[in-house]
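Undergrad: Provided herewith is a single structure, encoded as C-alpha coordinates, for subsequent inquiry.
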Amino acid sequence: MSLSPERFGRSLSQLRGRKMVNKLLYGQVQRSAMNWPIFVADQLGLFAEEELVAESKVFTSPLEPVTALIAGSLDLINVIPDVALLEIVKGAPLAVIANTNSRAQYRLMAQSEIKNFSGLKGKKIGVNDGRSAEALILKKLLRLNGLKPDSYDLAATGAPLDRCKKLKEGLVAATMVTQPFNFLLEEEGFRTLASSREIVPDYPFTVCVVRREEIFNNAILSFLKAVSRSWQWLSDQSNRERAIPTLTQWTGTTEKQAQSTYDLYLHPPEPPSLAPTEEGVTTVLELLSEGGRLPRPLPPARKYIDGRYFERLEEKT
(Lines give C-alpha, C1' and ligand atoms only; values in the text may rest on other atoms or scores of the structure.)
Protein backbone atom coordinates (compact mmCIF):
# COMPACT_ATOMS: atom_id res chain seq x y z
CA MET A 1 0.00 0.00 0.00
CA SER A 2 1.37 3.44 -0.96
CA LEU A 3 0.55 6.72 0.78
CA SER A 4 -0.99 9.54 -1.23
CA PRO A 5 1.28 12.59 -1.68
CA GLU A 6 -1.31 15.01 -0.25
CA ARG A 7 -1.02 13.23 3.10
CA PHE A 8 2.75 13.73 3.42
CA GLY A 9 4.30 16.26 5.71
CA ARG A 10 1.29 17.16 7.78
CA SER A 11 2.58 19.52 10.46
CA LEU A 12 1.57 19.56 14.09
CA SER A 13 -0.21 22.87 13.52
CA GLN A 14 -2.68 21.01 11.30
CA LEU A 15 -3.64 18.92 14.29
CA ARG A 16 -4.88 21.89 16.29
CA GLY A 17 -8.56 21.72 16.99
CA ARG A 18 -8.52 17.92 16.94
CA LYS A 19 -8.33 15.63 19.94
CA MET A 20 -5.36 15.84 22.27
CA VAL A 21 -2.05 14.79 20.75
CA ASN A 22 -0.10 12.03 22.54
CA LYS A 23 3.58 12.53 23.30
CA LEU A 24 6.27 9.88 23.35
CA LEU A 25 10.02 9.95 23.97
CA TYR A 26 11.96 7.14 22.34
CA GLY A 27 15.61 6.19 22.43
CA GLN A 28 17.92 4.80 19.78
CA VAL A 29 21.65 4.24 19.35
CA GLN A 30 23.33 6.44 16.74
CA ARG A 31 21.77 7.33 13.39
CA SER A 32 22.20 4.30 11.18
CA ALA A 33 20.18 2.89 8.30
CA MET A 34 18.58 0.39 10.68
CA ASN A 35 16.36 3.27 11.87
CA TRP A 36 15.46 4.39 8.34
CA PRO A 37 11.69 3.71 8.67
CA ILE A 38 11.63 5.91 11.78
CA PHE A 39 13.43 8.72 9.91
CA VAL A 40 10.87 8.43 7.10
CA ALA A 41 7.92 8.40 9.51
CA ASP A 42 9.21 11.64 11.01
CA GLN A 43 9.98 13.29 7.66
CA LEU A 44 6.62 12.44 6.09
CA GLY A 45 4.63 13.53 9.10
CA LEU A 46 3.31 10.04 9.79
CA PHE A 47 3.70 10.44 13.55
CA ALA A 48 1.67 13.64 13.35
CA GLU A 49 -0.99 11.88 11.30
CA GLU A 50 -1.31 9.39 14.14
CA GLU A 51 -1.81 12.32 16.56
CA LEU A 52 1.59 11.65 18.08
CA VAL A 53 4.55 13.87 18.95
CA ALA A 54 7.50 11.45 18.85
CA GLU A 55 10.73 12.92 20.16
CA SER A 56 14.01 11.02 19.96
CA LYS A 57 17.07 10.81 22.15
CA VAL A 58 20.19 9.41 20.51
CA PHE A 59 22.69 7.46 22.60
CA THR A 60 26.20 6.22 21.84
CA SER A 61 26.22 3.02 23.91
CA PRO A 62 23.69 0.15 23.44
CA LEU A 63 23.15 -0.16 27.20
CA GLU A 64 22.34 3.52 27.78
CA PRO A 65 18.81 3.56 26.26
CA VAL A 66 17.95 0.27 28.01
CA THR A 67 18.98 1.76 31.35
CA ALA A 68 16.99 4.94 30.62
CA LEU A 69 13.88 2.92 29.74
CA ILE A 70 14.14 0.91 32.97
CA ALA A 71 14.50 4.17 34.92
CA GLY A 72 11.35 5.58 33.31
CA SER A 73 12.95 8.48 31.43
CA LEU A 74 11.97 7.00 28.05
CA ASP A 75 8.66 5.55 26.84
CA LEU A 76 10.10 3.22 24.21
CA ILE A 77 13.43 2.22 22.71
CA ASN A 78 14.28 0.97 19.24
CA VAL A 79 17.55 -0.92 19.66
CA ILE A 80 19.59 -3.99 18.81
CA PRO A 81 17.99 -6.85 20.77
CA ASP A 82 20.82 -8.54 22.65
CA VAL A 83 21.53 -5.88 25.27
CA ALA A 84 17.84 -5.41 26.07
CA LEU A 85 17.21 -9.16 26.28
CA LEU A 86 20.14 -9.64 28.65
CA GLU A 87 18.61 -7.10 31.02
CA ILE A 88 15.15 -8.65 30.69
CA VAL A 89 16.50 -12.11 31.49
CA LYS A 90 18.13 -10.58 34.60
CA GLY A 91 14.72 -9.37 35.71
CA ALA A 92 14.24 -5.94 34.14
CA PRO A 93 10.47 -5.31 33.70
CA LEU A 94 10.68 -4.84 29.94
CA ALA A 95 9.17 -6.57 26.91
CA VAL A 96 9.80 -6.78 23.17
CA ILE A 97 6.75 -5.57 21.25
CA ALA A 98 7.92 -5.40 17.61
CA ASN A 99 10.69 -6.34 15.22
CA THR A 100 11.26 -3.09 13.34
CA ASN A 101 14.06 -4.13 10.96
CA SER A 102 14.91 -7.62 9.78
CA ARG A 103 16.33 -6.41 6.45
CA ALA A 104 19.74 -5.25 7.62
CA GLN A 105 22.89 -7.36 7.44
CA TYR A 106 26.21 -7.43 9.19
CA ARG A 107 29.01 -7.55 6.64
CA LEU A 108 32.54 -8.65 7.46
CA MET A 109 34.81 -6.12 5.72
CA ALA A 110 38.55 -6.71 5.33
CA GLN A 111 41.66 -5.14 3.92
CA SER A 112 41.80 -5.62 0.13
CA GLU A 113 44.75 -8.02 0.28
CA ILE A 114 42.78 -10.43 2.51
CA LYS A 115 40.96 -12.66 0.05
CA ASN A 116 39.44 -15.26 2.39
CA PHE A 117 39.08 -16.24 6.04
CA SER A 118 42.49 -17.86 6.24
CA GLY A 119 43.96 -14.42 5.63
CA LEU A 120 42.64 -13.35 9.04
CA LYS A 121 44.84 -15.79 10.97
CA GLY A 122 46.96 -13.95 13.48
CA LYS A 123 45.23 -10.65 12.62
CA LYS A 124 43.34 -8.09 14.68
CA ILE A 125 39.60 -7.76 13.98
CA GLY A 126 37.68 -4.71 15.18
CA VAL A 127 34.41 -5.13 17.11
CA ASN A 128 32.28 -2.83 19.26
CA ASP A 129 32.85 -4.24 22.74
CA GLY A 130 33.45 -7.92 22.00
CA ARG A 131 30.38 -9.07 23.93
CA SER A 132 27.42 -8.02 21.77
CA ALA A 133 25.42 -10.22 19.40
CA GLU A 134 27.33 -8.59 16.56
CA ALA A 135 30.60 -9.95 17.98
CA LEU A 136 28.96 -13.32 18.68
CA ILE A 137 27.79 -13.55 15.07
CA LEU A 138 31.32 -12.69 13.97
CA LYS A 139 32.84 -15.40 16.17
CA LYS A 140 30.39 -17.94 14.76
CA LEU A 141 31.25 -16.92 11.19
CA LEU A 142 34.94 -17.27 11.91
CA ARG A 143 34.49 -20.65 13.58
CA LEU A 144 32.40 -22.04 10.72
CA ASN A 145 35.08 -20.89 8.30
CA GLY A 146 37.87 -22.73 10.07
CA LEU A 147 39.26 -20.13 12.46
CA LYS A 148 39.67 -21.10 16.11
CA PRO A 149 39.29 -18.42 18.83
CA ASP A 150 43.04 -18.40 19.50
CA SER A 151 43.91 -17.80 15.85
CA TYR A 152 42.81 -14.14 15.74
CA ASP A 153 42.51 -11.17 18.07
CA LEU A 154 39.25 -9.30 18.67
CA ALA A 155 39.88 -5.64 19.49
CA ALA A 156 37.23 -3.33 20.98
CA THR A 157 37.33 -0.38 18.61
CA GLY A 158 34.03 1.41 19.26
CA ALA A 159 31.11 2.44 17.10
CA PRO A 160 30.84 1.66 13.35
CA LEU A 161 32.41 4.90 12.15
CA ASP A 162 35.28 4.43 14.60
CA ARG A 163 35.82 0.88 13.35
CA CYS A 164 35.77 2.08 9.74
CA LYS A 165 38.41 4.64 10.62
CA LYS A 166 40.60 2.00 12.30
CA LEU A 167 40.26 -0.24 9.23
CA LYS A 168 41.28 2.61 6.91
CA GLU A 169 44.27 3.41 9.12
CA GLY A 170 45.37 -0.22 8.95
CA LEU A 171 45.01 -0.69 12.72
CA VAL A 172 42.69 -3.68 12.21
CA ALA A 173 42.60 -6.24 9.41
CA ALA A 174 38.81 -6.50 9.33
CA THR A 175 35.61 -5.40 11.06
CA MET A 176 31.90 -6.19 11.08
CA VAL A 177 29.51 -3.35 10.16
CA THR A 178 25.95 -2.79 8.97
CA GLN A 179 24.57 -0.49 6.30
CA PRO A 180 25.51 1.98 5.02
CA PHE A 181 29.03 1.57 6.45
CA ASN A 182 29.85 -1.56 4.45
CA PHE A 183 29.05 0.26 1.21
CA LEU A 184 31.29 3.14 2.28
CA LEU A 185 34.15 0.68 2.77
CA GLU A 186 33.45 -1.15 -0.51
CA GLU A 187 33.75 2.16 -2.38
CA GLU A 188 37.20 2.62 -0.86
CA GLY A 189 38.42 -0.79 -1.99
CA PHE A 190 37.87 -2.94 1.08
CA ARG A 191 36.72 -6.52 0.56
CA THR A 192 33.46 -8.14 1.71
CA LEU A 193 34.26 -11.56 3.17
CA ALA A 194 30.86 -12.64 4.50
CA SER A 195 27.35 -11.65 5.55
CA SER A 196 25.46 -12.44 8.73
CA ARG A 197 22.72 -13.90 6.51
CA GLU A 198 24.91 -16.94 6.06
CA ILE A 199 24.32 -18.02 9.67
CA VAL A 200 21.33 -15.97 10.94
CA PRO A 201 19.06 -15.38 7.92
CA ASP A 202 16.08 -14.09 9.95
CA TYR A 203 17.73 -11.95 12.58
CA PRO A 204 15.81 -9.12 14.34
CA PHE A 205 18.32 -6.30 13.91
CA THR A 206 16.25 -3.71 15.76
CA VAL A 207 13.34 -4.25 18.12
CA CYS A 208 10.94 -1.98 19.97
CA VAL A 209 11.11 -2.51 23.71
CA VAL A 210 8.82 -1.00 26.37
CA ARG A 211 8.28 -1.30 30.09
CA ARG A 212 6.02 -4.22 30.89
CA GLU A 213 2.78 -2.73 32.16
CA GLU A 214 -0.82 -3.91 32.42
CA ILE A 215 -2.23 -0.65 31.08
CA PHE A 216 -2.18 -0.49 27.28
CA ASN A 217 -0.35 2.59 25.98
CA ASN A 218 -2.06 4.01 22.89
CA ALA A 219 0.85 6.34 22.15
CA ILE A 220 3.08 3.30 21.67
CA LEU A 221 0.53 1.76 19.30
CA SER A 222 0.49 5.03 17.33
CA PHE A 223 4.28 4.86 17.07
CA LEU A 224 4.12 1.34 15.62
CA LYS A 225 1.37 2.33 13.19
CA ALA A 226 3.54 5.15 11.85
CA VAL A 227 6.57 2.83 11.49
CA SER A 228 4.43 0.23 9.72
CA ARG A 229 3.11 2.85 7.28
CA SER A 230 6.67 4.06 6.76
CA TRP A 231 7.78 0.57 5.68
CA GLN A 232 4.81 0.42 3.31
CA TRP A 233 5.85 3.73 1.78
CA LEU A 234 9.49 2.64 1.50
CA SER A 235 8.52 -0.62 -0.22
CA ASP A 236 6.75 1.29 -3.00
CA GLN A 237 9.50 1.51 -5.62
CA SER A 238 8.07 4.76 -6.95
CA ASN A 239 9.19 6.37 -3.68
CA ARG A 240 12.81 5.21 -4.00
CA GLU A 241 14.21 8.55 -5.14
CA ARG A 242 12.34 10.41 -2.40
CA ALA A 243 13.54 7.95 0.24
CA ILE A 244 17.25 8.32 -0.58
CA PRO A 245 17.64 11.93 0.66
CA THR A 246 16.03 10.98 3.97
CA LEU A 247 18.81 8.53 4.73
CA THR A 248 21.57 10.86 3.52
CA GLN A 249 20.19 13.70 5.64
CA TRP A 250 19.82 11.68 8.85
CA THR A 251 23.02 9.64 8.66
CA GLY A 252 25.40 11.73 6.54
CA THR A 253 25.84 8.88 4.06
CA THR A 254 26.31 9.51 0.34
CA GLU A 255 23.55 9.17 -2.23
CA LYS A 256 25.21 6.10 -3.76
CA GLN A 257 25.49 4.36 -0.38
CA ALA A 258 21.86 5.18 0.42
CA GLN A 259 20.77 3.75 -2.95
CA SER A 260 22.67 0.52 -2.25
CA THR A 261 21.08 0.30 1.20
CA TYR A 262 17.61 0.78 -0.26
CA ASP A 263 18.17 -1.94 -2.84
CA LEU A 264 19.35 -4.32 -0.11
CA TYR A 265 16.50 -3.59 2.29
CA LEU A 266 13.72 -3.59 -0.29
CA HIS A 267 14.57 -6.73 -2.20
CA PRO A 268 11.97 -8.13 -2.47
CA PRO A 269 10.02 -4.84 -2.65
CA GLU A 270 7.54 -5.56 0.12
CA PRO A 271 7.29 -4.33 3.71
CA PRO A 272 8.52 -6.66 6.46
CA SER A 273 6.22 -7.79 9.22
CA LEU A 274 6.74 -6.04 12.55
CA ALA A 275 5.75 -9.23 14.39
CA PRO A 276 7.89 -9.86 17.49
CA THR A 277 8.55 -13.52 16.71
CA GLU A 278 9.61 -16.17 19.19
CA GLU A 279 12.00 -17.47 16.53
CA GLY A 280 13.82 -14.14 16.35
CA VAL A 281 14.11 -13.78 20.11
CA THR A 282 15.26 -17.39 20.41
CA THR A 283 18.01 -16.76 17.84
CA VAL A 284 19.36 -13.91 19.96
CA LEU A 285 19.13 -15.94 23.19
CA GLU A 286 20.97 -18.84 21.52
CA LEU A 287 23.78 -16.53 20.39
CA LEU A 288 24.11 -15.09 23.89
CA SER A 289 24.23 -18.60 25.34
CA GLU A 290 26.85 -19.73 22.83
CA GLY A 291 28.93 -16.74 23.88
CA GLY A 292 28.70 -17.71 27.54
CA ARG A 293 26.52 -14.77 28.51
CA LEU A 294 23.39 -16.80 29.31
CA PRO A 295 23.22 -20.18 31.07
CA ARG A 296 21.30 -23.13 29.72
CA PRO A 297 18.58 -24.25 29.65
CA LEU A 298 17.27 -21.11 28.01
CA PRO A 299 13.85 -19.81 29.07
CA PRO A 300 11.10 -19.76 26.42
CA ALA A 301 11.24 -16.68 24.21
CA ARG A 302 7.55 -15.93 24.72
CA LYS A 303 8.35 -14.80 28.28
CA TYR A 304 10.01 -11.70 26.87
CA ILE A 305 7.37 -10.69 24.31
CA ASP A 306 4.25 -8.57 24.80
CA GLY A 307 2.15 -9.43 21.76
CA ARG A 308 -0.73 -7.06 22.51
CA TYR A 309 0.66 -4.16 20.49
CA PHE A 310 1.26 -6.13 17.32
CA GLU A 311 -2.16 -7.76 17.64
CA ARG A 312 -3.79 -4.33 17.86
CA LEU A 313 -1.61 -3.11 15.00
CA GLU A 314 -2.87 -5.97 12.81
CA GLU A 315 -6.45 -5.06 13.66
CA LYS A 316 -5.85 -1.47 12.53
CA THR A 317 -4.21 -2.33 9.19
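Undergrad: Which one of these does residue 143 not meet: (1) over 30 Å from residue 222 (Cβ atoms); (2) touching a residue at least 24 places away in the same chain (Cβ under 8 Å)?
TA: Among (1) over 30 Å from residue 222 (Cβ atoms); (2) touching a residue at least 24 places away in the same chain (Cβ under 8 Å), the lone unmet condition for residue 143 is (2).
Undergrad: Is at least one residue of segment 216-229 over 30 Å from residue 89 (Cα atoms) and open to solvent by less than 50 Å² (accessible area, probe 1.4 Å)?
TA: yes
Undergrad: Which number in (1) outside any loop (DSSP other than H, G, I, E, B); (2) surrounded by 18 or more Cβ atoms within 10 Å (Cβ to Cβ) marks the one condition that residue 172 misses?
TA: (1)
Undergrad: Additional query: Answer with yes or no whether residue 260 is out of contact with any Ser or Thr (no Cβ under 8 Å at 6 or more places or on another chain), among the hydroxyl-bearing types (Ser, Thr, Tyr) and closer than 21 Å to residue 164 by Cβ.
TA: yes
Undergrad: Kindly provide the set of residues from segment 261-274 that are open to solvent by 40 Å² or more (accessible area, probe 1.4 Å) and modelled with pLDDT of 95 or more, ordered by number.
TA: If the condition is that a residue be open to solvent by 40 Å² or more (accessible area, probe 1.4 Å) and modelled with pLDDT of 95 or more, then 263 is the only one that fits.
Undergrad: Give me the residue from segment 151-164 that is modelled with pLDDT under 95 and among the charged types (D, E, K, R) and, out of that set, farthest from residue 60 (Cα to Cα).
TA: 163
Undergrad: What about residue 154, is it in a helix (DSSP H, G or I) and either open to solvent by less than 30 Å² (accessible area, probe 1.4 Å) or not charged (D, E, K, R) (or both)?
TA: In short, no.
Undergrad: Run down 180, 204 and say which single residue is touching a strand residue (DSSP E or B) at 6+ places or on another chain (Cβ under 9 Å), more than 18 Å from residue 125 (Cα to Cα) and buried (at least 16 other Cβ atoms within 10 Å of the Cβ).
TA: 204
Undergrad: So for segment 67-77 (the condition being under 14 Å from residue 227 (Cβ atoms), surrounded by 23 or more Cβ atoms within 10 Å (Cβ to Cβ) and either small (Gly, Ala, Ser) or touching a strand residue (DSSP E or B) at 6+ places or on another chain (Cβ under 7 Å) (or both)), does at least one residue qualify?
TA: yes
Undergrad: Something else now. Among the listed residues 197, 212, which satisfies the condition of being open to solvent by 10 Å² or more (accessible area, probe 1.4 Å) and at pLDDT below 95?
TA: The unique qualifying residue is 197.
Undergrad: Can we say residue 192 is more than 28 Å from residue 69 (Cα to Cα), in contact (Cβ under 8 Å) with a residue 40 or more places away in the chain, open to solvent by 10 Å² or more (accessible area, probe 1.4 Å) and outside any helix (DSSP H, G or I)?
TA: Considered against the rule, which asks whether it is more than 28 Å from residue 69 (Cα to Cα), in contact (Cβ under 8 Å) with a residue 40 or more places away in the chain, open to solvent by 10 Å² or more (accessible area, probe 1.4 Å) and outside any helix (DSSP H, G or I), residue 192 comes out as yes.
Undergrad: Moving on. Among the candidates 80, 70, 97, 125, which residue alone is under 22 Å from residue 276 (Cα atoms), among the β-branched types (Val, Ile, Thr) and over 15 Å from the mean Cα position of the chain (by Cα)?
TA: Matching residue, one of 80, 70, 97, 125: 70.
The values are calculated or read from the model by the stated rules, or taken from the named source; none is laboratory data. Remember, predicted model here, so these are calculated numbers, not experimental data. Every residue, glycine as well, gets a Cβ built from its backbone with ideal geometry; the counts of neighbours run over all protein chains shown. When the accessible area is computed, the model is the full protein with side chains, heavy atoms only, and any ligands, DNA or RNA have been set aside. Shrake-Rupley method; radii C 1.70, N 1.55, O 1.52, S 1.80 Å.
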